[in-house]
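Contents: one structure, followed by commentary.
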């Protein structure tokens, strides 16, 4: 493949304008299937310098050696944003077919818009090089983003370029990372620190909450191990509580459980309901006897919709006289339980758990501070169960992990030397007296009326 020098009549600085042309043949592809049809056509490309033409010739030769085909310059000039739109469309199709959760598709699209498109949306996909991809990754790290965010952003960038590889526009993916032999991820060793609470710390936090309802919700998270979206997804009918014992000294017959079978997430002002994270995340988690008793009292005395099995188990909170865009009674104080809406985990952390953590002398999570997060109550459940002697495989099933390896990797240093499985989960500690709750005691009100 030769490079042809072409001199034009036009002149620049008294000299004829010179360009360099390369000619090659490419296979003709069926526009429907993208497969070769056994024909070839001639192509030519013109470059302003000999070096640019030489670089393109080397690229064509590499493409032929790798795939037997050549991608024309027109296709390589297609902007990155075109392939990003194709990637988003594929995710949307996967949601429609039930192969991908809507929440996952939305999260991926958000990462694409926030971290990738501002840099690459208008860039010709064929002009993105390996050094540039490596520089993009370094810039993400330099911004101080969390390791998980860097990984998600770069992986999104790589996946979009993979679309260009799949349709033949690129011969190789410039964002493909090659991990050296012997290296391993340090995510769990360094940048991913769990902060489970001890029994004593948990007692201090519950004692520091403002109301009995707040304390019960904290205890429930710590003794059920549910994820945030699962917490919001629970309904009254998901609790399995045995009838109370006839004798205060005898244990209640049977066991108490919570069934985890849906998630809820608030997106764009509306609640989206979905199935749990994976097939194994749909599960039945045992609850300690004392917590079961408190939950029974909660449903009997406090929850005004306890007879509705599909009512949210845990209430949302009113915000400044308005809730979720609806006009409400402005005489009711902010934070009053809204029994028509499920709990919003992020607001529960901000308004309930974070103040209680600080009052108990524990660090709360904040920008630049690796404090106790809402998710650490899930870790609290796991560590309390393991400390009580439960087998890690049993704990893994209660947590809804996809496999036992995840549990071992996360909690290896909490595993007891010998699992006896002889203890029940620790009973919830009793909270100290606190200020009166703004939750209405329905039982007392009924007695006063009668």
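Coordinate-derived values only; no laboratory data. It should be emphasised that the depicted structure is a prediction, and the values quoted were computed from it without experimental measurement. Ideal geometry is used to build each Cβ from the backbone, glycine not excepted, and the neighbour counts take in all protein chains shown.
Approximating the spin labels as points 7 Å out from Cα along Cα→Cβ, the residue 176-to-residue 267 distance works out to 3.1 nm. On the beta carbon distance between residue 113 and residue 193, with R0 = 35 Å, the FRET formula returns roughly 0.75. In this simple spin-label approximation, residue 39 and residue 59 carry label points 7 Å from Cα along the Cα→Cβ vector, and these lie 2.7 nm apart. Shape class for the stretch 88-178: oblate, because the ratio a/c of the largest to smallest gyration tensor axis (alpha-carbon atoms, square roots of eigenvalues) is 1.5 or more and b/c is at least a/b. A Förster distance of 30 Å, applied to the separation of the beta-carbon atoms of residue 100 and residue 284, puts the FRET efficiency at 0.70.
Each of 240, 135 has some number of other Cβ atoms within 10 Å of its Cβ, and from fewest to most they run 135, 240.
Legend: calculated FRET efficiency, residue 132 to residue 166, from the Cβ-Cβ distance at R0 = 25 Å, rounded to 0.05, equals 0.75. As a proxy for reagent exposure, 86, 217 were ordered by neighbouring Cβ count within 10 angstrom, fewest first; the result is 86, 217.
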